[in-house]
Amino acid sequence: MKDGKIRIPFLPLVFQAAGTARSSCCDTRGCPVRLPPGSERHHRRSTVPWNSRAAVGRARLSHARHGHFSSVTGAGCTPATFSISRAGSPSIRCTVTKIMVLQSLKNYLWLSCTLRTPKACFWSTASGGLIIQSVSNDVYQNLAVEDWIHDHMDLEKQQVLFLWRNSPAVVIGRHQNPWQECNLRLLRQKDIKLARRRSGGGTVYHDLGNINLTFFTTRKKYERMQNLKLVVKALKALRPQLDVHVTDRYDILLDGKYKISGTAAKLGRTSAYHHCTLLCNADKFVLSSVLKSPYRGLKSNATPSVPASVKNFFEDDPSLTSEMLLDAIAKEYAVQHQIDHHITLINPADETLLPGISSKTKELQTWEWVYGKTPKFSVSTCLNMAYKDSVFDVKVNMDVKHGRIEVCNIDLPEQWLPPGLYSELVKSLTGSKFCPNETTALVTTLLRVCPQDNELHSRWSLLCENMIRLM
């Protein structure tokens, strides 16, 4: 205390959020400070502790030489009181004036901002390479992490291996047609998510028996064959007797003919990533069912998937587990990149770690992205409709662009519908989403203006049911 004022020297601090494991932080100059990783499941795994607003509000700031802040309270780091003590001196408790609060908190507010910048704190702590694993099984969140790393990280300084698994989902390539690639009706029945990724390639089925690996590098260092050979080397390190190898199509085969891994990539202007699947113990019955399109008469320039015989890696050795494979791959990656064999767990919903991640996740879930990004296609088919004792053929021709019906023609038998009602149906469908929910809503609305005629209503319902099956 000097001239009636309390002097609080601002020296490097040790920061630990209450109730979290320590991993890494920054000192007052913004330089990374290595702290011991916490332990969750394994001595090489630690959770990322960043939740800067809550953490700073509850922070314990220890000062070895000059004093100790025993409590810092208030949202946004606005403390009401301090407890200041010195060796051999009694504790002084005082109310800080508004001016002193602003002055003394100036550096803390700066620290809070720094903690919200992953590059300055967490991402830059491991030079050369970083291995992270998602704690989420949500396909949209995990795909959003890929986008975030690609868009925000400096991959020139630090390459990244991202490990993730999803609950049941079908993931199509950036330039694919979901109606052509999978059974959408079955997906809806089984409540299986459909996602469109930003990379090219074919359609894959994910569940918890499938491992996903994403290798992030600069565009100049992008090399998918090297990544796949790394995976094969890790698998053979676990079980040397297994026959696994990489093909010229960048697939990994088991026993010379069964595909256990597919691959795709995104090449940006300066950054790139290559991701691949690894079938461990996936539900092959569901896989084969949902990846079989029931739709006929589709014509499209979209990228088609190439069918292949698949096999689960664990079929040859049931003693293996997904965790064993993940650790083996992480270990081989660490050896090749000369880094610590350390897997850091991240939460893809953590906005403090990944600013803006929520908006990326939401975009990947929208109808406009999943279906609206489908390349233009046409539907030309004949509906066989049985009505009473007769069977009628109804020809349907539609052009679909951005997931919306651009042109619609329905060739109905004479007297099947009143001309006015037919015209309203075609008019309503044109410009609408090629989607069963929207079509159902449209035809339900039109049905209300139909004449009260039971036979007419039966014909109308039959036609609409068949139209919806096309979607």
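The values are calculated or read from the model by the stated rules, or taken from the named source; none is laboratory data. A quick note: this is a predicted structure, and the numbers were derived from the prediction, not measured. Note that we place each Cβ from the backbone using ideal geometry, even for glycine, and neighbour counts take in every protein chain shown. For the accessible areas, the whole protein counts, side chains as well, though only heavy atoms, and no ligand, DNA or RNA atoms are used. Shrake-Rupley method; radii C 1.70, N 1.55, O 1.52, S 1.80 Å.
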Check: Which FRET efficiency, nearest 0.05, do Tyr422 and Leu267 yield, Cβ-Cβ r, R0 56 Å?
Finding: 0.70
Check: Lys190: which lysines have alpha carbons under 19 Å from its alpha carbon, excluding same-chain residues fewer than 8 sequence positions away?
Finding: Lys284, Lys292
Check: Across all directions of projection, what mean area in square nanometres is found for the Cα convex hull of the stretch 292-395?
Finding: 14.0
Checklist line | Net charge of neighbours whose Cβ lies under 14 Å from the Cβ of Val290, counting Lys and Arg as +1 and Asp and Glu as -1 | finding: +2
Checklist line | In range of the label at Ser458: residues from the stretch 392-415 whose backbone nitrogen is under 20 Å from the point 7 Å along Cα→Cβ | finding: 392-394, 412-415
Notebook entry, point to check: Going from most exposed to least, what order do Ser134, Ser305, Ser423 have by accessible area with a 1.4 Å probe?
Noted result: Ser423, Ser305, Ser134
Next item on the list: Take every Cα pair under 8 Å in the stretch 250-307 that's 6+ residues apart, average their separations, divide by the length, and report that relative contact order as a whole percent.
Entry: 20
Check: What percent do you get for the relative contact order of the stretch 297-376 when only Cα pairs under 8 Å and 6+ apart count?
Finding: 33
Check: Between Ser378 and Lys221, what FRET efficiency comes out of the Förster formula 1/(1 + (r/R0)^6) with R0 = 41 Å and r the beta carbon distance, rounded to 0.05?
Finding: 0.45
Next item on the list: Find the relative contact order for the stretch 187-316 and round it to a whole percent, using C-alpha pairs within less than 8 Å whose residues are 6+ positions apart.
Entry: 31
Check: In the structure shown, do any of Lys193/Lys395; Lys311/Lys362; Lys193/Lys257; Lys193/Lys433; Lys373/Lys427 have a Cα-Cα gap over 27 Å, and if so which?
Finding: Lys193/Lys395; Lys311/Lys362; Lys193/Lys257
Note to self: Given points 7 Å out from each Cα along the Cα-Cβ axis, report the Asp283 to Asp411 separation in nanometres with one decimal.
What the structure shows: 4.1
Checklist line | Accessible surface of the stretch 139-202 [probe 1.4 Å, protein heavy atoms]: carbon and sulfur percent | finding: 41
Check: Per q in 0.26 1/Å, what log10 I(q)/I(0) does a Debye calculation on the alpha-carbon atoms of the stretch 392-471 return?
Finding: -1.53
